[in-house]
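One structure is given here, and the rest of the page talks about it.
Quick note: the coordinates plus some simple rules give every number you see, no bench work behind them. Predicted, not measured: the structure shown is a model, and the values here were computed from it. Note that each Cβ is placed from the backbone with ideal geometry, even for glycine, and that neighbours are counted across all protein chains shown.
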Amino acid sequence: MKIENKKYISKKSGILMLLIALIIFNNKLYSQIIYTDITDETPNATYPLDLNNDTIDDFIIHFGGSAGTIGVICNPQNNNAYSGEFVSGTYLPWALSTSSPICASLATWYDSSNPGTMGWGASSGYWPGATNKYLALKLIVGTNTYYGWARLDFLEMSGSFTIKDYAYESTPNACIQAGRTTLGSTENTAKPIFSVFPNPFISSTTIQTIENLNNATLTIYNSFGKMVKQVTNISGNNVTLARENLTSGLYFIRLTEENKIIAVEKLIIID
């Protein structure tokens with residue numbers, strides 16, 4: 001009787017392990033990045049971006065204006081959104097570098113009620129003169145949320161833009177890295193731009209970059225997207241960030257140089 005019980009338990013365990021393996025296999029099978037490589041397109045005025053290729057426009061990217069004041073606007077459709085920040089009364093979509101994480105951790109997402117100024121002339125926005133930068137996108141389909149990106153170039157005066165390709169992660173709520181075209185590679189392979197250690201931290205942490213910075217700025221946002229701390233005039237390849245009066249919790253750090261976003265990362269403070 002005991003032998004039979006052991007056989008039954010062994011058989012049951014084997015079936016359970018098989019089911020777990022099948023679940024893992026299916027998750028890997030159906031989790032994928034949907035990548036669309038288009039012929040580089042520089043529209044006359046408007047580009048309707050259909051991120052998931054379902055014939056419904058998800059974002060409208062367009063430029064217009066008069067001589068000397070021309071600009072480019074990102075206008076999300078329906079409940080979709082782009083990631084950026086609100087500065088001096090203007091919504092500015094971020095221009096992300098390769099491998100930057102795109103997901104809920106970017107903290108600030110703006111929908112159709114707040115169109116984003118990607119560039120206006122040569123000085124407004126993060127996009128004027130950008131090459132191979134990524135627009136962070138959030139796609140809402142029914143009750144599901146997906147994250148993706150679009151890669152663009154901009155003229156220095158924002159008089160024209162070129163869209164090159166785009167992608168999204170087909171698993172709801174899953175992060176995607178800017179430029180990633182499959183689960184195993186990115187469009188432009190790159191090492192992590194910076195590292196944060198320790199993270200989580202109690203009193204201080206160190207941010208180290210793979211290349212030397214010149215007059216860079218490190219900005220810290222809380223989980224509601226409000227700026228709570230800023231370190232300016234950063235040079236070299238590392239900076240020590242002191243906790244000071246910051247409470248424990250989730251934060252996001254953004255590193256910029258020459259008004260261009262280098263990377264965005266999550267930061268956790270504990271007691």
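A few points about this structure:
- If the convex hull is drawn through the Cα atoms of region 194-269, its volume per residue in Å³: 77
- Between Val228 and Asn144, the FRET efficiency estimated from the beta carbon spacing at R0 = 25 angstrom works out to 0.20.
- Rounded FRET efficiency, nearest 0.05, which uses the C-beta distance separating Thr162 from Ser204 and R0 of 35 Å: 0.25
- Stretching the chain fully between Phe86 and Gln32 yields a gain of 16.2 nm (0.36 nm per residue, less the alpha carbon separation).
- Distance (nanometres) between label positions extended 7 Å along Cα→Cβ at Thr55 and Asn214: 5.2
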